[in-house]
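Written out below as structure tokens is the structure these notes cover.
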Amino acid sequence: MNSSDRKVAVVTGGARGIGRAVCERLAATGLQVVVDYPSEDDDGGATVAAIEAAGGSAVAIRADVSRKDEVDALFASVLERFGRVDVLVNNAGICPFSEFLEIDEELWDRVHAVNLKGAFLCSQAAARAMLARGEGGRIVSVSSISALVGGPLQVHYTPTKAGVRSLMQSLAIVLGPHGITCNSVLPGTIATDINAAFFEDAETLRRYEQGIPTGRLGSPADVAGAVAYLVSDEAAYVNGADILVDGGAFVTL
Ligand code: NAD
Ligand code: RM4
């Protein structure tokens with residue numbers, strides 16, 4: 001099969017954690033995967049190597065999602081190489097846990113720029129390519145249980161996750177008529193680098209696990225499964241929806 005005949009998925013922040021699991025899962029379903037990464041210190045080489053070792057196809061391209069020039073260059077490069085974008089997964093995100101009174105304007109802006117503006121910029125660029133091709137598409141954003149509940153050390157972060165979920169709801173209305181579905185996955189607490197320091201304390205980890213009916217933190221693969229469903233043909237009529245992947249934590253609150 002010519003590479004332009006195979007569907008292409010762009011996954012932001014695909015170097016590690018949930019993004020890496022999503023990349024590997026989508027590649028296993030036959031998609032060509034573009035692994036976005038923000039800097040040479042945090043590159044997508046390991047993700048590409050794992051996909052290729054499993055017989056899949058992937059390339060890594062650097063772009064900080066908070067920068068419009070870099071996002072535009074990312075999608076221009078994808079179109080030049082593959083001629084199409086079929087799937088976008090907005091996964092890139094940061095959560096520098098901080099006390100409310102210690103969050104300065106710069107930190108607030110940075111968290112919003114990566115988590116929310118980044119999802120907007122990438123969704124707009126991907127939608128332009130999908131609309132031009134006219135064959136529909138899928139946009140999935142990795143929001144969070146934090147779109148639904150607050151967090152004492154996440155005052156700058158939870159509004160971005162509510163915002164990303166809301167972005168998908170509005171885009172579902174705008175893009176649905178063109179066969180482009182827009183949905184969110186809301187992970188609960190997933191063991192990744194983003195919260196590793198927080199869970200170094202065994203007592204904190206035990207308390208969290210006790211609050212989750214399934215008795216454990218989630219894994220990146222748990223989230224990737226939900227993303228893969230939303231990207232699949234079976235989810236063609238799912239639009240503007242959320243899938244909560246939290247082991248039941250929310251319903252215990
Ligand atoms: P992680 O820190 O392992 O991964 C974050 C990824 O985002 C990394 O690959 C990093 O390189 C990338 N990234 C950071 N800034 C970027 C930028 N400016 N441009 C492009 N990429 C950038 O953490 P994770 O848990 O895998 O987080 C992935 C997403 O899942 C985030 O949006 C996070 O908010 C969300 N999430 C995580 C959890 C959890 O408990 N781990 C729960 C709910 C939602
Ligand atoms: C999530 C949620 C999780 C936390 C991460 C960092 O959205 O709040 O509990 O581990 O953020």
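Computed from Cα positions, the angle between helix 220-231 and the longest principal axis of the chain comes to roughly 40 degrees.
Return SER143, SER66, SER98 ranked ascending by Cβ neighbour count within 10 Å, so the fewest neighbours appear first.
SER98, SER66, SER143
Top mean-square fluctuation among PRO213, PRO159, PRO187, Gaussian network model of the chain, C-alpha springs under 10 Å? Largest GNM mean-square fluctuation: PRO213. Mean sequence separation of contacting Cα pairs (under 8 Å, at least six apart), scaled by the length of segment 1-137, corresponds to a relative contact order of 25 percent. In percent, rounded to a whole number, the relative contact order of segment 79-135 is 55, using alpha-carbon pairs under 8 Å and six or more apart. A simple count of charges around HIS156, restricted to other residues whose Cβ falls under 14 Å of its Cβ and scoring Lys, Arg +1 and Asp, Glu -1, yields -3. Counted by Cβ distance under 12 Å from ASP43, the other residues give a net charge of -1, where Lys and Arg count +1 and Asp and Glu count -1. Summary value for the chain: 18 percent relative contact order, contacts being C-alpha pairs under 8 angstrom separated by 6+ residues.
Straight Cα distances below 26 angstrom link LYS161 to the lysines LYS68, LYS117, with same-chain residues fewer than 8 positions distant left out.
If one puts a single equal scatterer on every Cα of segment 34-191 and applies the Debye formula without solvent, what log₁₀ I(q)/I(0) results at q = 0.19 Å⁻¹? The calculated log intensity ratios at q = 0.19 Å⁻¹ are -1.26.
In segment 1-124, how does Rg compare with the Kirkwood Rh, expressed as the Rg/Rh ratio over alpha carbon atoms?
Details: Rg = 15.1 Å, Rh = 14.8 Å.
Taking Rh as the inverse mean 1/r over Cα pairs, Rg/Rh reads 1.02.
Annotation for segment 27-85 versus segment 184-242: alpha-carbon center distance of 23 Å.
Distant-in-sequence amide contacts of ILE180, defined by a placed amide H-H separation under 5 Å and a gap of 5 or more residues or a different chain, comprise GLY137.
Throughout, read-outs are computed from the coordinates displayed, never taken from laboratory work. Not measured: the values here are computed from a predicted model. All Cβ positions, even for glycine, are placed from backbone atoms using ideal geometry, and neighbour counts span all protein chains on display.
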